[in-house]
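A short reminder: the numbers here are calculations on the coordinates, not readings from a lab. Since this is a predicted model, take the numbers as computed values, not measurements. Note that we place each Cβ from the backbone using ideal geometry, even for glycine, and neighbour counts take in every protein chain shown.
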Amino acid sequence: MKITVAGTGYVGLVTGVCLAEIGHNVTCVDVDENKINLMKSGKSPIYEAGLEELMLKNKDRLTYTTDYKSAYKDADVIFIGVGTPEKKDGSANLKYVYEVVKQIAETVEKDSLVVIKSTVPIGTNDKIERFLKENLKNDVDVEVASNPEFLAQGTAVKDTLQASRIVLGVKSKRAEKILRKVYDGFNQPYVVTDRRSAEMIKYASNDFLALKISYINEIANLCEIVGANVEDIAKGMGYDPRIGNKFLRAGIGYGGSCFPKDTKALHWLANFHDYELKTVKAAIEVNENQKIKLIKKARRYYESFNGLNVAILGLTFKPGTDDLREAPSLANIPILLEDGANIKAWDPVGVENYKKIYPNEITYCDSIEEAIKDADICLIFTEWPEIVNFDISKFEKLMKKPIVLDGRNCYDLKEVKDAGIIYESIGRRTIN
Ligand code: NAD
């Protein structure tokens, strides 16, 4: 089988490389020539644990190209894994998906299966198939199938090779058979359904996870008011198998390229059909407030940040990724800069991407020690292991005023108590 994957981002590249790992020959197409050149030289354009190693191991089965014509014309299966970002009104922007679909319509020369991996609104697969049927240049049969992706950045390779499930939204037995053959080397449960239900499974899953995070964050906010400890609450809840212990970590809210846009897109879609998704709306609203919670806490210590040294630990939206999309740090840093703060930041992999947004406004540090030295306050946005395992006594030794506001509950309150610092986290009591 000749497999082509359109888009070499977190989803497309990981999918392509993992399919090569189970023995397929895969052509990865992208419009970004820099990315393609980087991959041709054996380098991954994104930071994902284990990805570069697998690219190297399977290099004879992987082709990287910008030449979509040669990639699509004789492919048996074409996966589309390009971005579906948020439009201003919250709906999903399908322009990249349709760009690929148009390119397929122009170039495909044999019967093939087009598989939509990108997260797309319910009904998109049907529309794409209609579009293809009306616009195919050659007399070939092209069917569309939905195969949403559930990997999480930071663990994308592992999540793909050991996925919790493979969802196949198909219109025919033929499409199901082809996709089962593609995934033959994996050993995961299949959920086979129609295309609209497959599209909905993806949104319903992501929005449920976002809701779970916003729920525990609201409970955390109430814990702060009534004097309870959200970590213990989450532990006590998590033992109940009906609740589960995952996604109950209180913090400064979710970010990334999926939860924010997928909650808004489903909410928009529901509105479009005159239905109000009240729970999802609440998840979105709670998250918006949660993102700037540390700034609100910081204002209790300083009315203005003008001229203050502010240490920022963690820039990415979560550990294990270099992705900054919707990272809470991006909601806070502009406020601090506007207020006149001198920001010194540390992050193990996010700095290069941050420099594209703030080349000169922030001092990027090589170590946590350097970032916190002489700081008037320290804000923690990402729970990188280096931050979690940091010797907390150094905050008191190195900072001008040892005020640490932790948006990810990195430290044990008992240990913090002996460290001589003022410490506020999320949903737990203040230590001072
Ligand atoms: P991304 O932005 O990392 O990558 C998209 C890639 O597509 C880019 O490299 C871009 O250059 C390329 N591209 C754009 N137009 C193209 C074209 N015409 N031909 C070929 N390539 C083209 O995106 P991502 O994070 O991998 O997300 C892709 C899709 O998967 C989205 O719909 C997203 O919602 C969904 N998804 C993402 C994740 C995740 O964790 N990132 C998880 C599950 C699902």
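With both partners inside the chain, how many of the DSSP beta bridges are antiparallel, as a percent to the nearest 5?
Restricted to the chain, the bridges split so that about 5 percent are antiparallel.
Could you list, in their original order, any pairs among 394/417; 173/202; 87/173 whose Cα atoms are separated by more than 24 Å?
Working: 394/417 14 Å; 173/202 22 Å; 87/173 35 Å.
Over 24 Å apart, Cα to Cα: 87/173.
Could you pull the Rg and Dmax for region 354-405, using just the Cα atoms, both in Å?
11.7, 33
Sorted from fewest to most neighbouring beta carbons within 10 Å, what does the list 395, 131 look like?
Values: 395 24, 131 16.
Ordered by Cβ neighbours within 10 Å, fewest first: 131, 395.
Could you list the residues of region 113-131 with an amide nitrogen less than 13 Å from a label point located 7 Å from the Cα of residue 173 in the Cα-to-C-beta direction?
Of the residues in region 113-131, none has backbone N under 13 Å from the label point off residue 173.
Karplus couplings for region 25-32 from phi (6.51 cos²θ - 1.76 cosθ + 1.60, θ = phi - 60°), rounded to Hz, Gly and Pro as x?
Listing the rounded values in order: 8, 10, 9, 9, 10, 8, 7, 8 Hz.
Work out from phi, with θ = phi - 60° and the Karplus expression 6.51 cos²θ - 1.76 cosθ + 1.60, the ³J(HN,Hα) of each residue of region 90-104, listed in order in whole Hz, and give x for Gly and Pro.
x, 6, 7, 8, 9, 5, 6, 4, 5, 4, 5, 4, 5, 4, 5
Please give, to one decimal in nm, the separation of the simple spin-label points placed at residue 418 and residue 349, each 7 Å out from Cα toward the Cβ.
3.4 nm
Region 2-193: D in µm²/s via Stokes-Einstein (Kirkwood Rh, Cα pairs, 37 °C, 0.692 mPa s)?
Using the Kirkwood radius from Cα pairs, D works out to 198 µm²/s.
Run through the DSSP bridge list for region 1-146 and note the antiparallel percent, rounded to the nearest 5.
Here the antiparallel bridges make up roughly 5 percent for region 1-146.
Quote the charge dipole size of the chain about the Cα centre in Debye, to the nearest 20; the model charges only the Cβ of Lys and Arg (+1) and of Asp and Glu (-1).
Charge dipole of the chain: 680 debye, to the nearest 20.
Based on the alpha carbon coordinates of the chain, what radius of gyration and maximum Cα-Cα distance (Dmax) apply, in Å?
23.4, 75
Rank the residues 30, 194 as a footprinting-exposure proxy: fewest other Cβ atoms within 10 Å of their Cβ go first.
On the way: 30 22, 194 15.
Ascending number of Cβ neighbours within 10 Å: 194, 30.
Taking the simple approach of a point 7 Å from Cα along Cα-to-Cβ for both residue 303 and residue 130, what is their distance in nm?
Modelled inter-label distance: 6.1 nm.
What FRET efficiency comes out for residue 95 versus residue 401 if R0 is 41 angstrom and r is the Cβ-Cβ distance? Round to the nearest 0.05.
Given R0 = 41 Å and the Cβ-Cβ separation, E is 0.25.
Quick one: which of 158/264; 171/246; 88/235; 43/177; 133/177; 293/344 span more than 30 angstrom between C-alpha atoms?
As for pairs spanning more than 30 Å Cα to Cα, those are 171/246; 88/235; 43/177.
Under 13 Å Cα-Cα from residue 281, which aspartates and glutamates qualify once same-chain neighbours fewer than 8 residues away are excluded?
By straight Cα distance, residue 281 reaches 207, 262.
Mind checking the dipole of region 202-291: about its Cα centre, +1 per Lys or Arg Cβ, -1 per Asp or Glu Cβ, Debye to the nearest 20? Don't skip to the end; give the middle numbers.
On the way: 11 positive and 11 negative charges, 61 e Å.
Its charge dipole is roughly 300 debye.
Rounded if a/c is under 1.5, else prolate if a/b beats b/c, else oblate: with a ≥ b ≥ c from the C-alpha gyration tensor eigenvalues square-rooted, which is region 159-221?
oblate
Can you compute the FRET efficiency between residue 430 and residue 141 using 1/(1 + (r/R0)^6), with r the Cβ-Cβ distance and R0 = 56 Å? Round to the nearest 0.05.
Taking R0 as 56 Å, the efficiency between residue 430 and residue 141 is 0.30.
Please give the calculated 222 nm ellipticity per residue for the chain, where each DSSP H segment of at least 4 residues contributes -39500 (n - 2.57) and the sum is spread over every residue; nearest 500 deg cm²/dmol?
-12500 deg cm²/dmol
Name the long-range amide H neighbours of residue 2: under 5 Å, sequence gap of 5 or more, or other chain; modelled H, no Pro or chain starts.
Here the answer is 76, 77, since their amide H atoms fall under 5 Å of that of residue 2.
Going by a ≥ b ≥ c, the root eigenvalues of the Cα gyration tensor, does region 180-277 fall in the rounded group (a/c under 1.5), the prolate group (a/b larger than b/c) or the oblate group?
oblate
Treat each spin label as a single point 7 Å out from the Cα along the C-beta direction, and report the residue 356 to residue 335 distance in nm.
It works out to 2.6 nm between the two label points.
Which order results if 223, 18 are arranged by neighbouring Cβ count within 10 Å, fewest first?
Ranked by crowding around the Cβ, least crowded first: 223, 18.
Take the alpha carbon gyration tensor of region 290-432, find the square roots of its eigenvalues, order them as a ≥ b ≥ c, and report rounded if a/c is under 1.5; if not, report prolate when a/b exceeds b/c, else oblate.
The shape class here is rounded.
Amide H neighbours of residue 191 under 5 Å, at least 5 residues apart or on other chains, H built in the peptide plane: list them.
166, 167, 168
May I ask you to evaluate 6.51 cos²θ - 1.76 cosθ + 1.60, the Karplus curve with θ = phi - 60°, for each residue of region 136-149 and list the ³J(HN,Hα) values in order in whole Hz, giving x for glycine and proline?
4, 7, 9, 7, 10, 9, 10, 10, 10, 10, 9, 9, x, 10
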